[in-house]
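Peer 1: For reference, the structure I am asking about is given below.
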Amino acid sequence: MNVIIVGCGRVGAELALLLSRRGHDVTVIDHVGSSFGHLDPAYRGRTIEAEPLAEGVLEKAGIREAQALATVTDSDPVNAVVAHVARTVYGVPNVVARNYDPRWLVLHEAMGLTSVSSTAWGAQRIEELLERPRLRAVFSAGNGEVELYELPVPRRGWGAPSARSSRHSLLAGVAHARGPGQPPEPERVLSAGDILHVTATLEGAGQLGRRLEAEGA
């Protein structure tokens with residue numbers, strides 16, 4: 001796969017290394033030449049020192065043949081414009097934009113961009129670990145609006161799986177301590193050592209955490 005990465009800070013450099021190690025043809029663009037010092041010596045790909053939106057730069061990077069582009073600079077307007085141009089002008093099928101400042105996320109959403117907000121997601125994860133240490137997030141959808149949590153059952157007879165669902169959370173499966181994982185069974189009583197897999201919003205995760213505390217888990 002031909003991939004273009006715009007921005008060679010820590011995120012761009014790490015992404016470039018990961019993709020090149022997987023055998024993809026990677027080109028990294030950054031307007032500051034010293035930024036390429038972030039690249040690992042094991043990186044095997046091209047670098048272009050130029051403003052990404054300057055005339056001919058994206059063409060030089062091979063955007064007409066690119067199957068994917070990630071724009072991960074620390075400028076949200078630049079990321080939004082580069083992603084928009086890549087998608088609408090050049091028809092790159094897979095475009096992802098980094099959101100650096102959560103206050104700019106509304107711009108990315110208004111343009112219909114696939115975005116990753118590392119700042120918002122990171123802050124949310126730290127909050128979860130501080131407030132709800134018993135809930136371990138194992139998968140995050142979008143920018144963390146919905147996550148999949150592992151929830152250990154604290155004691156036998158804690159209640160049927162259906163009782164763990166609410167408007168903001170939904171039981172997705174149960175990994176039984178003695179037996180295989182399976183979809184939830186409404187009448188089955190849980191045992192200590194079972195692991196619940198629950199999808200929840202932030203509000204739903206909070207409700208689960210408070211329920212655990214109230215029940216003395």
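What follows is calculated from the coordinates using simple rules that are stated; it is not laboratory data. Since the structure is predicted, the reported quantities are computational estimates derived from the model, not experimental observations. Cβ: placed from backbone, ideal geometry, glycine included. Neighbour counts: every protein chain shown.
Peer 1: What distance in nm lies between label points placed 7 Å from Cα along the C-beta direction at Asp40 and Glu109?
Peer 2: My value for the distance between the label points is 3.4 nm.
Peer 1: What whole-number distance in Å separates the alpha-carbon centres of segment 17-42 and segment 93-123?
Peer 2: 22
Peer 1: What is the sum of charges around Ala13, taking Lys and Arg as +1, Asp and Glu as -1, for the other residues whose C-beta is under 12 Å from the C-beta of Ala13?
Peer 2: -2
Peer 1: I've got another one for you. What percent do you get for the relative contact order of segment 43-94 when only Cα pairs under 8 Å and 6+ apart count?
Peer 2: 35
Peer 1: Further question: What trypsin sites (Lys or Arg not before Pro) does segment 1-51 have in DSSP loop regions with at most 15 other beta carbons within 10 Å?
Peer 2: Answer by residue number: Arg22, Arg44.
Peer 1: Quickly work out the Leu53-to-Leu148 label distance, labels modelled 7 Å from Cα along the C-beta direction, and quote it in nm with one decimal.
Peer 2: Using points 7 Å along Cα→Cβ, the separation is 3.8 nm.
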